[in-house]
Structure formats: C-alpha cells, structure tokens
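Shown next, in structure tokens, is the structure this report addresses.
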Amino acid sequence: MSGKNLVSRKDILARRAEACKMAFEGYSRAAASRQTGLGREQCRCIFQRVSLQGYPLGRQGRLRSSLTLMRNREEKLQVSLLMVLYCVLGGEDVYKAIQLPALRQALQRYRSIQQTHLMTHWKNLDITDAWSLARELLRKEAYIKACPSCGIPNFTSVNQYTSVGCPFCPTY
C-alpha cells in the first residue's frame, strides 16, 4: 500500500469524523458538507446514523444568510455581537478559514449574554447560522468595522437587508 493512499484514507476518515462531530453539535448537513468537503450523500448518511443513535439533529434545510438574519437594528445588533465575539476569539485566522472552536465559544457566550440579560425576544441564532455568517466573513462578503460615530465594532454584510449602519448608536 502506498503512502499516498494511506494519507488520503486518513484525510477521508478525518473529514468523516469532523462531519460526525458537527452533527452532534447541531450543524446542518449543508454546513457540514461544505466545511468538510464531503458529498451531500455522505453527510446525509453520517447524520442519519447520529439520529438513529438517539441524538437530536440541529435545524436542517437551507442555510440562512445575513439577508434573512439581519433585517432591522435589533437583529443587526445580535449578529454583530455574535460575530465580534467570533473575531475576538478566533483572531486573524477567521479570515483564513472558518474556526469551528472559536465559533462554538462565540455562540456559547452569545447565548450566555442572551440568558443573563433575559433577552428572550432575541432571534434564536444557532450554530449553523453562526457558520453561515462566518463563511460570509471568510468570503469577504462581510466585515467587522468600527462605527465612525461611537467607535463600537459591528458586523456589516453586502447581503444584509437593513440599511442600518451601526446598531449600537441611534445617530448612524
């Protein structure tokens, strides 16, 4: 057996393990497929096996983007909070590849803030939403910029529905 075949088998096993881990963490099949490079059918089988073992799967279906996640000032504030946390935790590497550990931590902290401050009316962002927003950042379809008025960084996307510049200050 050649070394090249062994490496590719290891790579495939690592990708399958990552897809399985993503299934346990609540990612959608579409996000797992795109993140790991595995085909849709392979991810469907992996997710089906996880489900048959009694583990709940995350929301399935189409990936939501900033177009549907940021339609007004309050939603832009929520997305900005999540994505600024992601960028702080992931550092400059978030612009090179999606950093799953930083994404997990950012979502945990976002949910902690949501629960601590009793923000029950906030949109329920999930790990797949966070992944989709991180992908926009990676593709340079979105960026973190500081507001010229208040100086607070916020997430802005070319796909966003709202024309709100800064969700934190009423003047911009």
Practice item. Just the number, please: carbon plus sulfur as a percent of the accessible area of the chain, 1.4 Å probe, no ligands or DNA/RNA counted. Key: 54 percent
Check your understanding: In degrees between 0 and 90, to the nearest 10, how far off the longest principal axis of the chain does helix 100-116 point, with axes built from Cα atoms?
Key -> 40 degrees
Exercise for review: Please name whichever of SER80, VAL164, CYS45 sits farthest to the positive end of the charge dipole of the chain, dipole taken about the Cα centre and charges placed at Cβ: Lys and Arg +1, Asp and Glu -1.
Suggested key: CYS45
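Counting Lys and Arg as +1 and Asp and Glu as -1, each charge on the Cβ, what is the dipole of the chain about the Cα centre in debye, to the nearest 20? Mind showing how you got there, number by number?
Numbers: 26 positive and 12 negative charges, 114 e Å.
The calculated dipole for the chain is roughly 540 debye.
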Point to revise | For q = 0.19 Å⁻¹, Debye-computed log10 I/I(0) when each Cα of the range 78-172 counts as one equal scatterer | key: -0.92
Review point. Mean separation of Cα pairs under 8 Å and 6+ residues apart, divided by the residue count of the range 23-172: what relative contact order is that in percent?
Key: 27 percent
Revision key, fill the gap. Along the dipole axis of the range 1-136 (charges at Cβ: +1 for Lys and Arg, -1 for Asp and Glu; origin at the Cα centre), the most positive-end residue among ALA106, PHE24, VAL94 is PHE24
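Roughly how many Å² is the accessible area per residue of the range 20-106, as a whole number, for a 1.4 Å probe?
Working: 4470 Å² over 87 residues.
Per residue, the range 20-106 has 51 Å² of solvent-accessible surface.
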Exercise for review: Can you quote the Å³ per residue value for the convex hull of the Cα atoms in the range 1-101, rounded to an integer?
Suggested key: 131 Å³
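Any idea what the relative contact order of the range 80-162 is, in percent, if you count C-alpha pairs under 8 Å spaced at least 6 apart? Intermediate results must be reported in sequence, preceding the final value.
Values: 83 pairs, mean separation 27.0, N = 83.
Averaging sequence separation for qualifying contacts and normalising by length gives 33 percent for the range 80-162.
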Study note, to complete from the structure: Rounded to the nearest 500, the 222 nm mean residue ellipticity computed for the chain from DSSP H runs (n ≥ 4, each -39500 (n - 2.57)) alone is -17500 deg cm²/dmol
Revision key, fill the gap. Relative to the compact-globule estimate 2.2 N^0.38 Å (N residues), the Cα gyration radius of the range 111-150 stands at a ratio of 1.50
Point to revise | Volume per residue of the C-alpha convex hull in the chain, rounded to whole Å³ | key: 130 Å³
Check your understanding: Does anyone have the angle between helix 3-25 and the longest principal axis of the chain? Alpha-carbon axes, 0 to 90°, nearest 10?
Key -> 50 degrees
Point to revise | Solvent exposure, largest accessible area first (probe 1.4 Å, DNA, RNA and ligands not counted), of LYS76, LYS123, LYS96, LYS10 | key: LYS96, LYS10, LYS123, LYS76
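The values are calculated or read from the model by the stated rules, or taken from the named source; none is laboratory data. Quick caveat, the model's predicted, so the values are computed rather than measured. Every residue, glycine as well, gets a Cβ built from its backbone with ideal geometry; the counts of neighbours run over all protein chains shown. Calculation scope for accessible area: heavy atoms of the full protein, side chains included, ligands and nucleic acids excluded. Shrake-Rupley method; radii C 1.70, N 1.55, O 1.52, S 1.80 Å.
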